[in-house]
2 protein chains.
Amino acid sequence: MSLRHAVLGLLSEGSASGYDLMKLFDLSLANVWPATQSQLYSELGKLAEAGLVDVTAEGPRGRKEYTITEKGLAELRHWLTEVPPARVLRSDMLLRVFFLGRVSPEEAKAYLSGQAELARKQLEHIESIRGLVENGTDNLSVYGRLVLEYGHRLARSQQEWAEWAQKQIG
Amino acid sequence: MSLRHAVLGLLSEGSASGYDLMKLFDLSLANVWPATQSQLYSELGKLAEAGLVDVTAEGPRGRKEYTITEKGLAELRHWLTEVPPARVLRSDMLLRVFFLGRVSPEEAKAYLSGQAELARKQLEHIESIRGLVENGTDNLSVYGRLVLEYGHRLARSQQEWAEWAQKQIG
DNA sequence: CAGCTCATGTAATGGGTTACATGATTTT
DNA sequence: AAAATCATGTAACCCATTACATGAGCTG
């Protein structure tokens, strides 16, 4: 049920339409909590019905601008401070590692070296966008940088692990 | 669609019933690809219908023993070597970080220190089970140790990050 | 024979993905 | 006038979670 909170979170920084939110999702939360357009619109409907957001303006082309309500803000803060984050790490990549014994050592190593390479690329990518976000004093940028740093460390760990793991085989 | 491959992977180590598989899931794949009992039984039905597994024995209490077929093994190997792992990291924990600006710096720090503490406990837990799995020469143990090492590095990174992030606030 | 473990299944619900459908407004 | 962008919505399908339902066979 976290899409709800992702939407409330973005709206807590300012009013926006479904369309605006979609763009925001794509450029800020995409790597942490991806959402599709149809999901977003239906969630906004539910949030409005529950009184956590209001439609505060209607523009051209049926545009609806949503604004978070007091109740919505309270729910957001409650979620942030009192609901324990339930992490379920489901990793396709790690699942395969369990079964690498079913293929040849060469294939297993190739898999791991592919993962190392992917992590290296991810690392580069993060470094390249770091520059773009390093100015920016709004909340989303400030805390977004903490998330980016997490991603950076994760990618580095992953690369090192994949290189180490290759050596364990054979 | 990876539950299917998790099941094939386990069956590639030896035949088992749904009940057996459930126990195997809980003690080996639980942290990488959790599955519920009802999911498992329905997946086994689908796998049998698709000819990727066969029912090779029936025991007391309606027990059905499933065995992977050649077709199933081929599918498993195909998945291992040719299907690029699509990682979608959806993290409740990181999502909150984006919105920590909505609560007081004290609350934000408390959140991060809670995460550091959780990571520390996770690290301890991994170290404690490391001893138990360190012998064991079957495929699942050998490659399971690579996964465990990943978990260890991840937990350590997470702890260090959460401690670092706390210092960035304020 | 009571209680535990083994063993399989169904039903309801919710979240996520993909595809489809439609049309207004702005830009070139 | 065509093309791009803005903008919202619906429908079908799959996967996952929770709860329910049932009963056979072993163990003390």
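The values are calculated or read from the model by the stated rules, or taken from the named source; none is laboratory data. None of the values given here were measured: they were computed from a predicted structure. Positions of Cβ are backbone-derived with ideal geometry, glycine not excepted, and every protein chain shown enters the neighbour counts. These area figures cover heavy atoms from the full protein model, side chains too; ligands, DNA and RNA do not enter into them. Shrake-Rupley method; radii C 1.70, N 1.55, O 1.52, S 1.80 Å.
Can you give me the Cα centroid spacing of the range A:1-77 and the range B:82-104 in angstrom? What the calculation gives is 17 Å, centre to centre.
Residue by residue along B:73-86, Cβ atoms of other protein chains within 10 Å of the local Cβ number 4 on average. Plainly put, the tip 7 Å out from Cα toward Cβ on A:GLY45 is 3.0 nm from that tip on each other copy, the closest given first. Return the carbon/sulfur percentage of the accessible area of the protein assembly as shown, one whole number, probe 1.4 Å, all protein chains in place. Carbon and sulfur together cover 52 percent of it. For the residues of A:146-154, the average number of beta carbons from a partner chain within 10 Å of their own beta carbon is 6. Inter-copy label distances for A:PRO34: 2.1 nm (label point placed 7 Å from Cα along Cα→Cβ; shortest first).
For the rotation that carries chain B onto chain A, the axis lies closest to a Cβ at B:SER157, 2, where the number is the distance in whole Å.
The alpha-carbon atoms of the range A:3-82 define a convex hull whose volume equals 87 cubic angstrom per residue. In the assembly of identical copies, A:ALA74 has its label point, taken 7 Å from Cα in the direction of the beta carbon, separated from the corresponding points by 6.2 nm (ascending, one decimal). The orientation-averaged projection of the convex hull spanning the C-alpha atoms of the range B:92-168 amounts to 5.5 square nanometres. Here the peptides B:147-160, B:114-127 are ranked by packing, the mean other Cβ count within 10 Å, and the order with the highest first is B:147-160, B:114-127.
Shielding of peptide B:24-30 by partners, expressed as the average count of other chain Cβ atoms within 10 Å per residue Cβ, is 1.
Scanning chain B for long hydrophobic helices, with DSSP H runs required to stretch 27 angstrom or more by C-alpha along their axis and to average at least -1.0 on the Kyte-Doolittle scale, returns B:105-133, B:139-168. By the helix-only formula, in which each DSSP H run with n ≥ 4 contributes -39500 (n - 2.57) and the sum is divided by residues, the protein assembly as shown has a 222 nm mean residue ellipticity of -21000 deg cm²/dmol. Buried accessible surface for the A/B chain pair comes to about 6400 Å², total over both chains, computed with a 1.4 Å probe.
Translational D (Stokes-Einstein, µm²/s) of the protein assembly as shown at 4 °C and 1.567 mPa s when Rh comes from the Kirkwood sum over C-alpha pairs? The calculation lands on 58 µm²/s.
Given chain B, what whole percent of its Cα pairs are spread farther than 21 Å? That tail contains 60 percent of the Cα-Cα pairs. In the range A:35-91, Rg over Rh equals 1.09, where Rg is the alpha-carbon radius of gyration and Rh the Kirkwood radius from pairwise Cα distances.
The trypsin sites (Lys or Arg not before Pro) of the range A:39-88 meeting both criteria, a DSSP state outside H, G, I, E and B (loop) and at most 16 other C-beta atoms within 10 angstrom of the site's C-beta, are A:ARG63, A:ARG87.
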